[in-house]
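Undergrad: I have a structure here, written as structure tokens, and I will follow up with some questions on it.
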Amino acid sequence: MSTVAEAQQALAQIQASRAQLARIAHCPPARHLAFAALEAGIVVSPAAAPYQLLAMAPLLLGLVLVVRWDRRRLGMFINGYRRGRTRRVIAAFLPVLLALYGTSVYFVFARQEIWPSLLLGGVMFVVATWMSVIWQRVFVRELEEGL
């Protein structure tokens, strides 16, 4: 009886929430650039040796600020490692991050050269900006397909 109607109403509310989230999930360009700056900072961090851990402190603060920004804008923070197709985007991104970071570490510690780390950080900034935009597109598409 009313259980079916309640279930249909609950489903309609879920779909309305997904539609609303899909409409507002488009990040401003500054949000993509903030993510990219954090990722580039990770790649550049070996250049701060022997103070690499200290150099990571502003990155952690930046992460906290991005989470707060998302919560104010969306009412929540959406984890990039969430289930679904977005995880494939992250799975493609992480090896790039690890390779660039590892290369940065190599140049700083094995060859005592800092400039490659800075160059690699620039590459990571471009890659991370692009991946952030791709992640958002996949996320929005996923929400819209669920409607």
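The values are calculated or read from the model by the stated rules, or taken from the named source; none is laboratory data. Since we're looking at a predicted model, the values are computed, not measured. Ligands, DNA and RNA are stripped out before the accessible areas are found, and what is left, the full protein with its side chains, is counted by its heavy atoms. Shrake-Rupley method; radii C 1.70, N 1.55, O 1.52, S 1.80 Å.
Undergrad: Distance from the Cα centre of region 110-147 to that of region 13-76, in angstrom?
TA: That distance is 12 Å.
Undergrad: So I have (i) 21, 19, 14; (ii) 39, 15, 12; (iii) 65, 15, 13, and one of them is semi-axes √(5λ) of the Cα gyration tensor in Å calculated from this model. Which one is it?
TA: (ii)
Undergrad: Comparing 116, 95, 46, which has the greatest mean-square fluctuation in the GNM of the chain with Cα pairs linked when under 10 Å apart?
TA: 95
Undergrad: Moving on. Quick one: how many Å² of residue 101 are accessible to a 1.4 Å probe, rounded to 10?
TA: Probe radius 1.4 Å; accessible area of residue 101 about 70 Å².
Undergrad: Something else now. Would you mind checking the tilt of helix 52-74 against the longest principal axis of the Cα atoms of the chain, expressed as 0 to 90 degrees and rounded to 10?
TA: Approximately 20 degrees, to the nearest 10.
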